[in-house]
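What follows is a set of notes on a single structure, which appears directly below.
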Amino acid sequence: MKVIVIGGGPAGRAAALELASLDNEVTLIEKNRIGGTCLNEGCMVICGLNDISRFLNDAKNLQANEIMNIQCDFNYSDIANGIKETLNKIRHVTEKETVEAGIKLIYSEATISDKLVNLNKKTLEYDKLIIATGGRPFIPPIKGIEHTINYKNLLNIKELPESLIIVGSGVIAAEIANIFSSMGSEVHVLCRNNFLGILKSEISDYIAEYLLKNVHIHKNITIHEIKEDHALTSEGKIEGLVFLATGTIPNSEIVKDILKTGPRGQILVNDKMETSHPGIYAAGDVIGSIGTTPVGRMEGVTAARNAAGIETHINYKSIPHSISLNYDVAFLEDGPSLPLSNSKSSKSRPKSVTNGHIPGSAGPGSFWRVLSGHTGFSELGVDLETGDIESVLSISPSARNNLAYISLLSRLDKKTYDFEKFVETHPSTDSLYKLMRFFSKY
């Protein structure tokens, strides 16, 4: 079977690899660079910058506690160039793995007509088609918006800005604020409503007070106009380069006359990643679901299996999320119901949730934070009657890894009492297992 995948990001590449492993003839079309936003402009860029910011924060902490005297001199452009060099190496490996899997990789723009994909110099026929064209930054209609930058420009900044204004209140806003404040910029975060509204207020308050303590967070603020070096707001003039962290919109223009789309341009799919057109599937940011790389891959694999005739349904239960700050902030969240799905959510009995809270442990990455008393914490919400894990949040150096395994256990319907058999590694900054063991007794 001939399958064409358009988009070489996490969702598209995962779909192509899955189809190739099932002995299909797979063509992957990417218009720019393989790896998509995650590798080239998003997650991995944040990873590189956050490693630098953590090093700087650790140095400041050791110096403040008179453990070591560390003077850190750096040039932002050197950091950016180092990240670019690293990304080139990762991209080379990614491309090599893709081709060695038996996938035909074509770099080209593409358009779609009935059973045909039109490239710059040729036309390809397909039996099944998967759209994984990702998303791009949402640019709000604010006067002077042309003076702003966003994540696509992050590695092109010539020097560290003296002051940075971040427009947005979500995960990206928090991560960029942490990075640049750690490097020495004065950072303002302008929130239309609350900061990190995806979290409970006491969690976002903790993050603001302890993990972003040098960041000025402005809630319920309105931006009237943006200039090259400042913004005019409902609180007056704020100096700085303006960075947009206002979310993304799907790159769905390629199918706008073929498939049903939603109000934000997202391609509508069901839980098999099937679109409104038989034989065409979609996955990743272009469907506007959760928008993380692991979920994009999961959607890509789901689309691929269904395209290959293997019935598979996506499961968005207990999806792990993380925010990359000086400590990881990680939590579980159930994903959305999909617009074209026929399945109806079953009514569940009312739950009585008991919450537990425990300070973070001293261990790798947190040992020297004990002196300041800020080792993070973990929270767990459980149904004592059934042992169901209802909510999980952890702030620690190992939170993102811990939450991935907790997510799996939850998706496998494991209960708190299953943790009676748990054996931890030591030393560790995981304090969730202590809460699990505590609740396993009930």
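Here, each number is a calculation from the coordinates, and none is a lab measurement. Just so it is clear, the structure is predicted and the values come from calculations on it, not from any experiment. For neighbour counting, all protein chains shown are included, and Cβ atoms are generated from backbone atoms with ideal geometry for every residue, glycine included.
Modelled spin labels at S372 and H224, positioned 7 Å past Cα toward Cβ, are 3.7 nm from each other. For K115, the lysines whose Cα falls under 22 Å of its own Cα, not counting residues fewer than eight places away in the same chain, are K2, K31, K104, K128, K256, K260, K272. Here, region 145-244 has an Rg and a Dmax of 12.7, 37 Å when only alpha carbons are counted. As a proxy for reagent exposure, H426, H188 were ordered by neighbouring Cβ count within 10 angstrom, fewest first; the result is H426, H188.
Each other residue within a Cβ distance under 11 Å of G363 adds +1 if Lys or Arg and -1 if Asp or Glu, for a net charge of -1. Here the Gaussian network model covers the chain, with springs between Cα atoms less than 10 Å apart; of K84, K158, K260, K158 fluctuates the most.
In the chain, helical runs assigned H by DSSP with n ≥ 4 each contribute -39500 (n - 2.57); averaged across all residues and rounded to the nearest 500, the mean residue ellipticity at 222 nm is -8500 deg cm²/dmol.
Once the Cβ-Cβ distance of N315 and M68 is raised to the sixth power relative to R0 = 56 Å, the FRET efficiency obtained is 0.75.
Between region 86-139 and region 273-326, the C-alpha centres lie 17 angstrom from each other.
The GluC sites (Glu not before Pro) found in region 116-212 that occupy coil by DSSP, while having at most 12 further C-beta atoms within 10 Å, are E159, E162. Taking a straight Cα-Cα cut-off under 19 Å and skipping sequence neighbours fewer than 8 places away in the same chain, the aspartates and glutamates within cross-link reach of K219 are E175, E186, E202, D205, E209, E235, E239.
Computed over the chain, the Cα gyration tensor eigenvalues convert (square root of 5λ each) into semi-axes of 36, 30, 21 Å, ordered from largest to smallest. For S337, S398, the sequence from fewest to most other C-beta atoms within 10 Å is S337, S398. Share of pairwise Cα-Cα distances greater than 16 Å in region 319-439 is 63 percent (whole percent). The value of relative contact order for the chain, using C-alpha pairs under 8 Å at least six residues apart, is 15 percent. The Cβ shell under 14 Å around F138 holds other residues with a net charge of +3, Lys and Arg each +1, Asp and Glu each -1. Rank I172, I67, I267 by mean-square fluctuation in a GNM of the chain with C-alpha springs under 10 angstrom and give only the top-ranked residue. Sorting by GNM fluctuation, first place goes to I67. Put in line by how crowded their Cβ is, counting other Cβ atoms within 10 Å and starting with the fewest, Y433, Y210, Y405 read Y405, Y210, Y433.
With R₀ set to 56 Å, the beta-carbon distance separating N120 from L412 gives a calculated FRET efficiency near 0.75. Inter-label distance, K84 to F138: 3.1 nm, where each label sits 7 Å from its Cα along the C-beta direction.
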